[in-house]
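The values are calculated or read from the model by the stated rules, or taken from the named source; none is laboratory data. Note that the structure is predicted; figures quoted are calculated from it, not measured. Neighbour counts run over all protein chains shown; Cβ positions are idealised from the backbone, glycine included. Surface accessibility is based on the protein's heavy atoms, side chains included, excluding ligands, DNA and RNA. Shrake-Rupley method; radii C 1.70, N 1.55, O 1.52, S 1.80 Å.
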Amino acid sequence: MKFSVDKHDKYVTLKLKEAEFTNDNAPGVKSELYLLNAEGFKNIIVDLSHVKECKDAQDLSCLLVGDRLCKAAGGLFIVTGINDEIAEIIELSNIFQSVTFVNTLEEATDFIFMDELEKEFRGEK
């Protein structure tokens, strides 16, 4: 599985560098999400902009693991860079009801920083 990890103070970005999201690489994504969470990252962005195809919604269920881990840690899990074909599968699978999806990586980082500012303002840190 090809991917890159870009770590920052407030968040980490996991960019899958595969043309297809399949049951071959989904377990690797899931494992990496567990590792990042164990390292203390509570805000995780998954960038799927390189992914052009996903044939089975079950493969995308690993995203629910990331969402659950981040929420349990008091953070955010955001997926970005999905194309129309993957968006259709996501809609059919109802994953969108749990996971936050945004169009661009910039939107995802803005979302995280706004959430962190709100938490600071409310004294939740």
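Each label point was placed 7 Å from the Cα along the Cα-to-Cβ direction; for L92 and L35 their separation is 3.2 nm. Computed over every Cα-Cα pair of segment 3-122 and binned at 5 Å starting from 0, the pair-distance distribution P(r) comes out as 2, 12, 24, 27, 20, 10, 4, 1, 0 percent.
Computed from phi, the 3J(HN,Hα) profile of segment 64-72 under the Karplus parametrisation 6.51, -1.76, 1.60 (θ = phi - 60°) reads 5, 5, x, 4, 5, 4, 5, 5, 5 Hz, with x in place of Gly and Pro.
Measure out, as a whole number of angstrom, how far apart the alpha-carbon centroids of segment 82-117 and segment 33-56 sit. Using only Cα atoms, the two centres lie 11 Å from each other.
With both labels modelled 7 Å from their Cα along Cα-to-Cβ, the T22 to K71 distance reads 3.1 nm.
By DSSP, the beta bridges lying fully in the chain are antiparallel in about 30 percent of cases. Using the Cβ-Cβ distance between N83 and E118 with R0 set to 30 Å, the FRET efficiency works out to roughly 0.45.
Counting only protein heavy atoms and a 1.4 Å probe, the chain has 55 square angstrom of accessible area per residue. The helix-based estimate of mean residue ellipticity at 222 nm for the chain, built from -39,500 (n - 2.57) per DSSP H run of four or more residues and divided by its residue count, is -13000 deg cm²/dmol to the nearest 500.
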